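What follows is a set of notes on a single structure, which appears directly below.
The values are calculated or read from the model by the stated rules, or taken from the named source; none is laboratory data. Note that the structure is a prediction, hence the values are computed from the model and not measured. Backbone-built Cβ (ideal geometry, glycine too); neighbour counts: all protein chains shown. Keep in mind that these areas ignore ligands, DNA and RNA; they rest on the heavy atoms of the full protein, side chains included. Shrake-Rupley method; radii C 1.70, N 1.55, O 1.52, S 1.80 Å.
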Amino acid sequence: FLVLLGIVDIDPNDPITLCHRSLPYIFVACATSRTIASAAAFASLPGPEGLAEPRGVACAPDGRIWVADFGHDRIVRFEPGLLSPVAFGRKGRGRAEFQQPSALAIGADGRVFLADTWNARIQVLSPEGKWLAELTADLVGPRGVATDRKGRVLVSDTGNGRIVVFGTDGKVEKE
């Protein structure tokens, strides 16, 4: 339906992922494998069951699905097919601790870039969920993150009303 309205553009090489912040589940449609999967209740997740206000979903090159679990201050990684969920992080201000994460992007190398909204930063994690670095530039409530073909990280710095572009070295290229 969203494709018909022109709201979502389909790349035949990339899966489509959708989440609704008021509903505790996500949907994934993969054009290349012609599969559709959904996940609703995750009783096997440690801590609070399920997702609380999922705000961002991203598909990694290896087929894993990453979700920004805004309401539980964590991120969740699923194996392909939305199997074997693993939760990462907890509420806090330290490394791999989050304050209402709202968006994710996956780099070509599998690194995860997470908009850690109220910690005013982008946290960088390995494909296995280990903390690698953080990107900051006086961000205020970043709520969107993407990567481009050059490996740069683009951040929607909502509170400052700007887009910040980080180079592959983690330094600001453009504001």
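Every residue, every condition in (1) at pLDDT 90 or above; (2) open to solvent by less than 20 Å² (accessible area, probe 1.4 Å); (3) of a type in the set (Val, Ile, Thr), yes or no:
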| residue | (1), (2), (3) |
| --- | --- |
| Ala41 | no, no, no |
| Pro46 | no, no, no |
| Ala60 | no, yes, no |
| Val67 | no, yes, yes |
| Ile75 | yes, yes, yes |
| Pro85 | no, no, no |
| Arg93 | yes, no, no |
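Look at (1) open to solvent by 10 Å² or more (accessible area, probe 1.4 Å); (2) touching a Leu at 6+ places or on another chain (Cβ under 8 Å); (3) at pLDDT 95 or above and you find that Asp148 fails only one, number (3). For the range 151-175, filtered to residues that are in a loop (DSSP other than H, G, I, E, B) and over 26 Å from Pro61 (Cβ atoms), the residue that is least open to solvent (accessible area, probe 1.4 Å) is Gly161. Kindly indicate whether any position in the range 135-147 is among the aliphatic types (A, V, I, L, M) and in contact with a Lys or Arg (Cβ under 8 Å, 6 or more places away or on another chain). Yes - at least one qualifying residue is present in the range 135-147. Taking first residues from the range 74-102 that are over 19 Å from Trp118 (Cβ atoms) and in a strand (DSSP E or B) and partners that are open to solvent by 60 Å² or more (accessible area, probe 1.4 Å) and modelled with pLDDT of 85 or more, the Cβ contacts under 9 Å between residues at least 6 apart in sequence or on separate chains come to Arg77/Glu128.
For the range 105-145, enumerate the residues that are buried (at least 18 other Cβ atoms within 10 Å of the Cβ), among the hydrophobic types (A, V, I, L, M, F, W, C) and over 19 Å from Gly92 (Cα atoms). Result: Ala105, Ile106, Ala137, Val145.
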